[in-house]
Amino acid sequence: MFFRILRDFFLRRKGRIAIAILAVVMGAAITSALTTVSLGITENVGRELKAFGANIVVTPNSTSIPIEVGGISYASLEEQKYINESDLPLLKTIFWRNQIEAFAPYLYGIVQSGSEAVILTGTWFYQQIAIPASSTTLPNGTIIKRSAATFTTGVKILAPWWKVEGDWASDNDSSQSIVGVSIAKKLNLRVGDTLSITYQDSNYDLTVTGIVSTGSFEDDQVFVNLDAAQEILGKPDYAVQKVLVSALIKPDDELARTPHEKMSPEVHTKWYCSPYIGVFIYQIEEALPYVKAKAIRQVAETEGKLLEQNSLLFALITINSVGASAVAVASTMMASVLQRRREIGLMKAIGANNFQVATQFLAEAGIVGLLGGLLGFPIGYFLAGFIANNIFGVPISTFDQTILPITLIVAISISLVGSVIPMRKAMKIEPAAVLRGE
Amino acid sequence: MRASLSHRKSRVIIAVISVVLGVSLAAALLDISFDIGERTSVTLRGYGANIILVPKEATLQVGLGGLGFGTMSGGSFIEENDVAKIETLSSANDLVSYVPVLYSIIDISGQKAVLSGVWFDSLMSINPSWKLTGNGIQNREDTQSAVIGANIAETLGARLGDEIEIAYEGKVYRFNLTGTFSTGASEDNQVFINLKVAQEMTQNKGLLHMVQLSYLAGKVNLYTQAEELARSIPSADAKVLSQVAESEASFLNKIQTVITVLAVGVLAASAFAVTSTISTSLLERKNEIGLMLALGADSKKISQIFFTEATIIGVIGGLLGYLFGVGLASLVWLQVFNVPILPRPITIPIVLLIAIGVTFIASVIPVRQALRINPTVTLKGE
């Protein structure tokens with residue numbers, strides 16, 4: 001009997017069932033789309049924020065004050081300390097190595113071009129480096145081993161806002177250079193021209209492969225690869241003055257603000273394994289003990305704030321939308337149960353008790369919810385994929401297995417909840433009155 | 001007509017509730033997508049200046065305005081008098097703040113360092129992410145106070161309240177160290193005093209090396225703004241910091257697009273839910289329509305009644321929904337940004353149109369279906 005009514009319900013009332021199922025499908029689609037989007041938003045926004053550039057600056061530990069304006073330090077008169085170029089791959093051996101998106105070394109000097117003084121900057125443009133195998137000891141004593149790898153990095157990845165007319169210079173050809181747009185204007189240089197520079201009575205000819213404009217201090221610099229800068233400026237062949245690092249961070253919370261010196265080993269391990277900006281700094285200084293790493297506050301802070309705001313915003317939108325679509329679905333279910341008052345009256349008249357009626361209706365609602373959820377989930381997932389792909393330019397990274405059960409539970413429960421209220425009302429009705437058509 | 005609405009209270013209430021819910025969600029998301037850009041651009045101001053003014057006649061700027069290699073070699077300047085024009089431009093409303101800067105190289109405890117003469121209050125509002133320990137320089141006339149970068153403070157072992165000695169061209173000046181500055185950028189290696197004091201000290205009265213400006217992203221076109229600035233300040237060139245400017249614009253765009261896509265999705269879903277609720281409840285009224293037909297009403301008259309009903313439900317639901325929606329959006333805003341949302345009048349017609357449209361569409365199918373039926377059959381109860 002139970003199953004026959006159930007079967008008949010689905011076969012005979014196609015139109016009405018379709019409406020109920022579609023309503024649940026919509027609700028489920030919203031649930032799964034929004035949940036997927038808001039779970040991934042932190043990562044997507046974080047990646048977008050990389051466009052603002054490096055958030056950590058690494059310099060050698062020094063006791064002298066650099067003469068520094070706009071990120072360029074003009075040789076301080078004290079002895080100059082350097083970061084060793086061959087140590088740079090160690091930056092990618094820290095615990096959070098995978099969250100380090102890019103880094104680039106810098107070496108500055110002032111050279112003469114004719115009567116003009118220009119800043120010569122040596123860096124990596126786009127370079128593949130070998131990362132050695134490494135092992136990290138967590139504060140609780142666990143040892144994590146990582147195998148060797150390769151990593152492509154340099155200014156081209158670190159500073160995506162650079163507008164280069166012409167080509168990027170090569171990391172292997174020391175005669176190539178990229179010239180800042182202000183210098184190009186001043187010296188009348190075009191792509192393909194030769195720029196002659198003099199440093200301490202030695203002359204060098206550089207080919208201009210590209211002209212860069214950023215609106216900032218880069219417009220007044222000449223860029224060559226790091227080896228060329230070391231040679232021209234007469235520095236040791238490992239010399240690096242500064243490294244800029246771009247790391248994907250997590251916004252600071254309570255744990256991040258606790259001084260890590262005071263943490264118990266368990267808490268310290270938890271902290272060590274969270275990608276806060278402070279953790280990166282700690283781990284970089286651990287990997288290269290002779291450097292000082294610092295957060296570039298305007299990038300790191302703003303990044304943290306934006307991430308936090310966006311995650312919260314999307315969480316709230318998700319909760320509201322899921323709540324509202326649940327109520328909307330419930331009201332559809334309500335309307336469809338209300339319609340069946342006569343049926344309920346008939347069932348009661350031929351001897352069904354309230355429990356049987358209730359079981360019948362809840363089973364129907366459950367099936368509607370399940371079907372709606374199963375159909376709605378892929379639609380929502382597609383919508384989330386559309387957002388990720390078209391707006392952030394990356395596919396949804398990992399299929400989160402919790403989303404399907406969440407969607408199904410939401411779908412089934414809203415369908416059930418929507419049926420309960422009208423059903424209780426319907427069960428109070430007098431079969432005779434309903435059948436008479438009142 | 002009145003009877004139709006008042007006699008079937010529960011059913012009308014369900015219809016109104018479903019419209020209210022759908023509309024409130026749509027209104028909330030519309031409001032959010034209108035306002036998100038502005039809110040985010042306020043947060044994005046944490047990145048600092050997006051336009052800078054530099055001297056026009058500059059020889060190549062090794063450092064800034066001829067500040068080179070430990071010496072101050074004349075260089076060229078911006079006239080401070082010209083800079084006041086920034087505040088008279090039409091874009092002044094979207095200007096967060098601007099700060100004029102004069103650099104020089106000084107000696108501090110026997111080491112060379114960069115001295116920046118600034119308006120300290122403006123510097124702080126342009127760079128809200130910089131961390132100041134202690135006090136800033138409270139007013140622009142203060143000749144006693146200095147703030148130093150964290151790196152200098154650490155190197156010199158200077159502490160708040162200390163007296164620091166700054167030597168410039170053989171003369172020694174004394175300042176009270178009121179605060180230290182942690183920025184992670186070059187400013188960690190600089191000493192800050194009031195612009196006026198720095199100008200007098202270096203005999204560069206009325207002259208500047210640079211002006212940093214911060215405009216709200218998304219509100220002004222920074223490139224046209226830069227052109228306008230360059231036109232009105234003859235001694236300066238205006239440059240857009242593309243790192244900040246372009247990233248801001250693209251970030252804002254993306255966030256806004258995500259919200260809009262979600263708004264449209266949610267809107268479609270709630271429109272559908274409303275449609276289905278109303279259709280279901282109208283299907284039930286077949287009897288009524290049959291009775292009307294039997295009593296001699298023509299289809300036009302019946303349609304009129306039902307569509308008027310739909311309009312009333314749509315208007316009531318739409319207005320209530322709008323109010324709920326604004327409340328909802330405001331709650332979200334208070335949680336996320338600590339400010340209430342600014343309701344946009346434009347949302348009212350949009351949501352009303354949607355509400356009435358959806359209710360109408362929802363009514364069309366069941367009413368047409370009902371009109372086609374044979375009154376006697378319906379009245380018999382089949």
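Taking every residue in region A:202-218 that is closer than 14 Å to A:V164 by Cβ and pairing it with any residue that is of a type in the set (D, E), at least 6 positions away or on another chain, the pairs with Cβ-Cβ distances below 7 Å are A:V208/A:D193; A:T209/A:D167; A:G210/A:E165; A:G210/A:D167; A:I211/A:E165; A:V212/A:E218; A:S213/A:D219. Go over the candidates A:T194, A:T198 one by one and state the one that is without any contact (Cβ under 8 Å) to a residue 40 or more places away in the chain, in the same structural domain as A:K270 (by TED's automatic domain parsing) and surrounded by fewer than 18 Cβ atoms within 10 Å (Cβ to Cβ). Within the list A:T194, A:T198, the selection yields A:T194.
The residues listed here are B:K254, B:K301; of these, the one that is charged (D, E, K, R) and more than 9 Å from every other protein chain (Cβ to nearest Cβ) is B:K301. Would you confirm whether any residue within region B:317-330 is open to solvent by less than 40 Å² (accessible area, probe 1.4 Å), touching a helix residue (DSSP H, G or I) at 6+ places or on another chain (Cβ under 9 Å), modelled with pLDDT under 80 and assigned to a helix (DSSP H, G or I)? Checked region B:317-330: no residue is open to solvent by less than 40 Å² (accessible area, probe 1.4 Å), touching a helix residue (DSSP H, G or I) at 6+ places or on another chain (Cβ under 9 Å), modelled with pLDDT under 80 and assigned to a helix (DSSP H, G or I).
Can B:A49 be described as open to solvent by 40 Å² or more (accessible area, probe 1.4 Å), small (G, A, S) and modelled with pLDDT of 75 or more?
No; evaluated as a whole, the condition is false for this residue.
Against the test of being away from every other protein chain (no Cβ under 13 Å), at pLDDT 80 or above and not in a strand (DSSP E or B), the options A:F3, A:F95 yield a single qualifying residue, A:F95.
Determine whether region A:276-285 contains at least one residue that is surrounded by 22 or more Cβ atoms within 10 Å (Cβ to Cβ) and in a loop (DSSP other than H, G, I, E, B). Checked region A:276-285: at least one residue is surrounded by 22 or more Cβ atoms within 10 Å (Cβ to Cβ) and in a loop (DSSP other than H, G, I, E, B).
I'd like to know if region A:110-119 contains one or more residues that are modelled with pLDDT of 90 or more, closer than 21 Å to A:S170 by Cα and part of a strand (DSSP E or B). No - not one qualifying residue is present in region A:110-119.
Taking the stated definitions as given, is B:A249 within 16 Å of the chain's Cα centre (by Cα) and free of Cβ contacts under 8 Å to residues at least 40 places away in the same chain? Against the criterion (within 16 Å of the chain's Cα centre (by Cα) and free of Cβ contacts under 8 Å to residues at least 40 places away in the same chain), B:A249 qualifies. Answer with yes or no whether A:A33 is hydrophobic (A, V, I, L, M, F, W, C) and assigned to a loop (DSSP other than H, G, I, E, B). Criteria not met by A:A33. Please verify whether region B:65-78 includes one or more residues that are farther than 23 Å from B:L208 by Cβ and at pLDDT 55 or above. Within region B:65-78 (the criterion being farther than 23 Å from B:L208 by Cβ and at pLDDT 55 or above), the answer is no, since none of the residues qualifies. For B:S250, the criteria (1) of a type in the set (S, T, Y); (2) under 30 Å from A:N44 (Cα atoms); (3) not in a helix (DSSP H, G or I) hold in every case but one, which is (3).
Inclusion of A:L306 among residues that are within 7 Å of another protein chain (Cβ to nearest Cβ), open to solvent by less than 20 Å² (accessible area, probe 1.4 Å) and either among the charged types (D, E, K, R) or touching a residue at least 24 places away in the same chain (Cβ under 8 Å) (or both) is warranted.
Of the strands (runs of 3 or more DSSP E) entirely within region B:148-211, those holding at least 2 residues that are of a type in the set (V, I, T) and buried (at least 23 other Cβ atoms within 10 Å of the Cβ) occupy B:190-194.
Any chance region B:279-290 includes a residue that's within 11 Å of another protein chain (Cβ to nearest Cβ), part of a helix (DSSP H, G or I) and open to solvent by less than 10 Å² (accessible area, probe 1.4 Å)?
yes
The residue list A:S331, A:S264 contains one member that is facing chain B (nearest Cβ under 7 Å), over 15 Å from A:I100 (Cα atoms) and more than 25 Å from the chain's Cα centre (by Cα), which is A:S331. What do you reckon, is B:S6 of a type in the set (S, T, Y), modelled with pLDDT under 75 and under 30 Å from B:F360 (Cβ atoms)? Against the criterion (of a type in the set (S, T, Y), modelled with pLDDT under 75 and under 30 Å from B:F360 (Cβ atoms)), B:S6 qualifies.
Note on region B:85-136: enclosed strands (runs of 3 or more DSSP E) holding 2 or more residues that are in contact (Cβ under 8 Å) with a residue 40 or more places away in the chain, closer than 21 Å to B:G48 by Cα and open to solvent by 10 Å² or more (accessible area, probe 1.4 Å) are B:95-108, B:131-134. A residue that is out of contact with any His (no Cβ under 8 Å at 6 or more places or on another chain) and within 14 Å of chain A (Cβ to nearest Cβ) can be found somewhere in region B:133-146.
The values are calculated or read from the model by the stated rules, or taken from the named source; none is laboratory data. What you are looking at is a predicted structure, and each value in this text was computed from that prediction instead of being measured. Virtual Cβ from ideal backbone geometry, glycine too; neighbours counted across all protein chains shown. Surface accessibility is based on the protein's heavy atoms, side chains included, excluding ligands, DNA and RNA. Shrake-Rupley method; radii C 1.70, N 1.55, O 1.52, S 1.80 Å.
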